[in-house]
Amino acid sequence: MLTKAEKYSTLAQVYSHLMRKVTYDKWAEYLTDLIDPFFDETASVLEIAGGNGSLANHLSINYKNYILTDLSIEMLKSNLNNRIKSITCDMTQLPFKRKFDVVVCAFDSVNYILIKKKLAKLFTEVYNVLNENGIFLFDVSLEKNSRRHALKKYRPAKFKQIRYEQNSYLIESKRLHVNDFKITLPDGKVFNEKHYQKIFRLNDYFYAIEKAKLYVCDCYENFGNRIGKETSPRVQFVVRKG
């Protein structure tokens, strides 16, 4: 079985194409608007599970003291922006002795944590690296969003002579969303990667946050300013320490 880091070793080669419709610039603006009431451009920012740095490339323009991390070294290496400091690490085992004003975890990366014990560990780790009154911004996918994508028909795609196919489905009994990729390299070698996401209930996040001695400032629906709820497709959390 592939480790979590290995699961992105091949997908990293086509990830930018897979995510080509995501408006990272607008996403960075949205997160900046959430940070602004708490900190200015001098804030120290740690992005965890940041993938290939597509969001970091935009968000770090506003915050010069920025560190990008991800579990997959291949994903980090695919980002050609040399001005961003990058570190390979697990978001549930953060290796930092220093503290940060802001921690960011975007595009439902938290959903890749599959058990509640690990979810609790994430919030404890974030608590430990946050300055007093620091904030943690993260978004999660909920059941409604998972059902939408499970019904979606994905077409085969090609990028730099690499062909890939995606199949998405929901294992309802386990509340697991699966993205199954078949990737064919130019030399004909075929790789299969399965990525699992846990669709926790909204209250599970509130409970884990409170247990870690953090508190929720806001929980918004779908990158907007409406209050998020269990029936929302996705929610954006603003969590604070202190």
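Bear in mind that the values in this text are calculations on the coordinates, not laboratory data. Please read all numbers here as calculations on a predicted model, not as lab measurements. No Cβ is skipped: glycine too gets one built from the backbone with ideal geometry, and neighbour counts run over all protein chains shown.
General remarks:
- Mean projected area in nm² (Cα convex hull; one quarter of hull surface) for the range 138-218: 7.5 nm²
- Share of Cα-Cα pairs in the range 44-116 lying beyond 16 Å, as whole percent: 43 percent
- Its relative contact order, with pairs defined as Cα atoms under 8 Å and 6+ residues apart, puts the chain at 17 percent.
- Approximate shape of the chain as ellipsoid semi-axes (Cα gyration tensor, √5λ), whole Å, largest first: 28, 22, 17
- Under the Karplus curve 6.51 cos²θ - 1.76 cosθ + 1.60, θ = phi - 60°, whole-Hz ³J(HN,Hα) for the range 105-120, x wherever Gly or Pro sits: 9, 10, 6, 6, 4, 4, 5, 6, 7, 9, 10, 5, 4, 5, 4, 4
- The C-alpha atoms of the chain define a longest principal axis, and helix 24-35 lies at about 20 degrees to it.
- Whole-Hz couplings from phi, Karplus 6.51/-1.76/1.60, listed for the range 40-46; x for Gly and Pro: 9, 5, 7, 4, 8, 10, 10
- Between amide H atoms placed 1.01 Å from N, distances below 5 Å from C89 occur with D70, L71, all of them 5 or more places distant or on a separate chain.
- Principal-axis tilt of helix 202-211 within the chain, Cα atoms, nearest 10 degrees: 50 degrees
- Across K121/K213; K153/K229; K116/K213; K26/K229; K85/K117, pairs whose alpha-carbon gap is larger than 18 Å: K153/K229; K26/K229; K85/K117
- Amide H contacts of I61 (H built 1.01 Å from N, in plane; Pro and chain starts excluded): no residue 5 or more places away or on another chain comes under 5 Å.
- Cross-link reach list, aspartates and glutamates versus K194, counting only Cα pairs under 20 Å and skipping chain neighbours closer than eight places: E6, D70, E74, D90, D108, E143, E165, E172, D180
- 5 angstrom amide H check on D218, placed H, neighbours 5+ away: V238
- Backbone HN-Hα couplings from phi across the range 138-145 [Karplus 6.51/-1.76/1.60, Hz, Gly and Pro as x]: 8, 10, 9, 8, 10, 4, 4, 5
- Each residue, F96 and R155, gets one label point 7 Å from its Cα in the Cβ direction; the gap between the two is 4.1 nm.
- Label-point separation, E29 to E165 (7 Å along Cα→Cβ), nm: 3.9 nm
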